[in-house]
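What follows is one structure encoded as structure tokens, with my remarks underneath.
The values are calculated or read from the model by the stated rules, or taken from the named source; none is laboratory data. Everything quoted here is computed from the prediction, not taken from an experiment. Because the Cβ atoms are built from the backbone with ideal geometry, glycine has one as well, and the counts that use them run over all protein chains shown. Calculation scope for accessible area: heavy atoms of the full protein, side chains included, ligands and nucleic acids excluded. Shrake-Rupley method; radii C 1.70, N 1.55, O 1.52, S 1.80 Å.
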Amino acid sequence: MSKQGAKGLREVLRLPPGEGVDLASYDTRATPCAPNGKDAALADSARMGKRLGRLQERLWAAGTAGDRRRVLLVLQGMDTSGKGGTVKHVVGQFNPSGCRIKAFEAPTEEEREHDFLYRVRRALPEPGEIGIFDRSHYEDVLIARVRHLAVPAEIGSRYGRINDFERSLAEDGVTLVKCFLHISYDEQGRRLLRRLDRPGKRWKFNPGDIDERALWPAYQEAYEAALEHCAAPHAPWYLIPADRKWYRNWAVSRLLLEHLKALDPRYPKGDFDVAECRERLLKRT
């Protein structure tokens, strides 16, 4: 790992809160803190998977004993940036019984009758769980802004409501890990073409993706605004260069590992006499 990695990936990839964000200034093919090359990163990701699994088990066990802490991984990015791939390769290393995964599509008629945070609150992880949002409450300041689904004043008010919402989550024991998967325009084009050219990937393609791609500049502006307005010490944004899939997966795994290590969940102590139970068990064997 590079010397830069000594800082910890949380520090290196965190966007400074309260500052303007220029996405064009961030290299989508960069690999900050990564091991030396793709093969080394894949091997390190495999090793991290075992450590992540052990920490997840400790978090889940602590939750059964009243520890309210949990983790919420938020994945945002343009189409093809790898939200689903991250869920598969990173979250797939966890025990699914301790995870709560939610992919947010267009809101249903019922959901439209409520506040935009209504459906998000219903999908939050329970104590001891790791929650994963494939898209999230940020869609309501991204696509809603680009597609003019709400007036500018309403979009502006949503930033503040998101900040209040995330502050309340942090105060209730939720560790927020918000990742923006930063892909380039050219790389998105290549991935969309692969979906068309490979029969096994065509199910992922939607003709509407072409229309969304035409709105790339507007989406970049919407993301820059969300990243600037909704970053706080308790809910920072991490910018993940996502043109290289192996780096994206390694970086998100590393971020989760650093957060879980900082939480340091512990197995609860049994509220029974171990020696007495062992003696009773031996008598029945």
**Request:** Answer with yes or no whether L193 is outside any loop (DSSP other than H, G, I, E, B), more than 28 Å from V91 (Cα to Cα) and open to solvent by 90 Å² or more (accessible area, probe 1.4 Å).
**Result:** no
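Of the residues V74, V87, V91, only one is touching a strand residue (DSSP E or B) at 6+ places or on another chain (Cβ under 9 Å), β-branched (V, I, T) and modelled with pLDDT of 95 or more; which? Write out each step before concluding.
On the way: V87 fails: modelled with pLDDT of 95 or more; V91 fails: modelled with pLDDT of 95 or more.
Only one candidate passes the filter, namely V74.
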**Test: residue in the range 256-269 that is among the basic types (K, R), under 30 Å from K38 (Cβ atoms), surrounded by 18 or more Cβ atoms within 10 Å (Cβ to Cβ) and touching a helix residue (DSSP H, G or I) at 6+ places or on another chain (Cβ under 9 Å)** = no
**Request:** Could you check the range 77-174 for helices (runs of 4 or more DSSP H) lying wholly inside it with 2 or more residues that are surrounded by fewer than 16 Cβ atoms within 10 Å (Cβ to Cβ)?
**Result:** 83-89, 109-112, 118-121, 152-171
**Fill in**
A careful count of residues in the range 28-37 that are over 20 Å from the mean Cα position of the chain (by Cα) and either loosely packed, with under 13 Cβ neighbours inside 10 Å or at pLDDT 95 or above (or both) gives 2
**Message:** Restricting to the range 70-104, and then to whatever is in contact with a Pro (Cβ under 7 Å, 6 or more places away or on another chain) and among the charged types (D, E, K, R), can you tell me which residue is farthest from S168 (Cα to Cα)?
**Reply:** R100
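Out of curiosity, is K245 over 25 Å from R54 (Cβ atoms), modelled with pLDDT of 95 or more and among the basic types (K, R)? Give the derivation first.
Values: over 25 Å from R54 (Cβ atoms): yes; modelled with pLDDT of 95 or more: yes; among the basic types (K, R): yes.
Taking the combined requirement at face value, the residue satisfies it.
Does A24 satisfy the condition of being in contact (Cβ under 8 Å) with a residue 60 or more places away in the chain, part of a helix (DSSP H, G or I), aliphatic (A, V, I, L, M) and open to solvent by less than 80 Å² (accessible area, probe 1.4 Å)?
Working: in contact (Cβ under 8 Å) with a residue 60 or more places away in the chain: yes; part of a helix (DSSP H, G or I): yes; aliphatic (A, V, I, L, M): yes; open to solvent by less than 80 Å² (accessible area, probe 1.4 Å): no.
Answer is no for this residue.
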